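The values are calculated or read from the model by the stated rules, or taken from the named source; none is laboratory data. A quick note: this is a predicted structure, and the numbers were derived from the prediction, not measured. Positions of Cβ are generated from backbone atoms using ideal geometry, with glycine treated the same way; all protein chains shown enter the neighbour counts. Surface accessibility is based on the protein's heavy atoms, side chains included, excluding ligands, DNA and RNA. Shrake-Rupley method; radii C 1.70, N 1.55, O 1.52, S 1.80 Å.
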Amino acid sequence: MLLLLLPRYPVLAAPPRQRRWLVFADRPFLAFTALYGAMGLQYPVVSLLLPIWISEHTEAPRWTVAALFAVNSLFCVLTQTRIGSRIETPHDGGLAFRTAGLLFLVSCPMMALAAYTPVWAAAGLVLAAIFVHSLGEVWESSAAFALGFGLAPDHAQGQYQGVFGLGFSAGQALAPAILTTVVLGLGTTGWLLLAVFFAALGAVGPALARWGTRTRPQAGVAAEVTG
C-alpha cells in the first residue's frame, strides 16, 4: 500500500525500428553479465566456503564463524554508500571491478593460511581476511551498479536488469558445487587458484567498460533517432 504513494513516472518509449529484446544483441552487456556471475562466487566464499574451512581445517575457535558474518555485514553497511557514491560511470565501474579482483587476490590466500597458524593467530587472520574480502565485495557491488545500470538504455532497464539478475543467479546456483569440490578438494592450492581466478576476472573490467561505452549510442545519434 505504501508503494501507491510513490509518484507515477511515465514509461520511456523505445526508439523506432529497434528490436524488442535489445539486450540479447548487446554483447558487452552480456559479457559483463557472465563476468559478474562468475565473480559472484565471492559471496558463497563468505557464507559457505570459509565456515567449512574454519571448522574442518583450522584451529580457530568456532565462534569465529559468527564473528566473520558480523564483520562482513557491518563493514558493508557502513561503507557501501560511502564507496559506491564515488563510482558512477561505466568507466568508474570497470576500475572498481579490477580493484575488487585485486582485493580478493589478497583475501583468499589469507584465508588459506589460517590452516597453518595457532588458534588465536588463525582467528585474527580470518578476521583480517574477511575485512579485506568485505572491502572487495563493496567495490564489486559498486561496479555492478555502475556497469549494470550504466550500460543499459533508459527505456530498456527492465529487460537488462532481468538478464543481469538471471546471470548472477546462475552463478550463485553453481557456486556451492564449484567451491566445495574444486577449492576444498584442492585445499590451499584451491584457494590460490580461486584468488587468481578473481583477479583475472577483475582485470577484464576496464577493457569491458571501454568496449561497452564505445558501443553505446552517442547522444546526438540517439536524439536524431528519437526525433
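Observations on the model:
- Magnitude of the charge dipole for the stretch 80-185, about its Cα centre and with charges confined to Cβ atoms of Lys, Arg (+1) and Asp, Glu (-1), is about 180 debye.
- In the chain, the calculated helix contribution to ellipticity at 222 nm averages -23000 deg cm²/dmol per residue, counting -39,500 (n - 2.57) for every DSSP H run with n ≥ 4.
- Two-site FRET efficiency, Ala203 against Leu3, from Cβ-Cβ distance with R₀ of 30 Å, rounded to 0.05: 0.15
- Carbon/sulfur fraction of accessible area - the chain, other protein chains in place, 1.4 Å, %: 69
- For the chain, the relative contact order is 34 percent, taking Cα pairs closer than 8 Å that sit 6 or more residues apart in sequence and dividing their mean separation by the residue count.
- Angle in degrees between helix 188-203 and the longest Cα principal axis of the chain, rounded to the nearest 10: 20
- For the chain, a simple Cβ point-charge model (Lys and Arg +1, Asp and Glu -1, everything else neutral) yields a dipole of about 600 debye relative to the Cα centre.
- Label zone at Leu184, where the point sits 7 Å out along the Cα-to-Cβ direction: the stretch 50-91 residues whose backbone N lies under 20 Å: 50-69
- Once the Kirkwood radius over Cα pairs is known for the stretch 154-223, the Stokes-Einstein relation at 25 °C and 0.890 mPa s delivers a diffusion coefficient of 162 µm²/s.
- Taking every protein chain into account, the accessible area of the chain amounts to 53 square angstrom per residue (probe 1.4 Å).
- The stretch 19-108, Rg to Rh (Cα coordinates; Rh as Kirkwood inverse mean 1/r): 1.08
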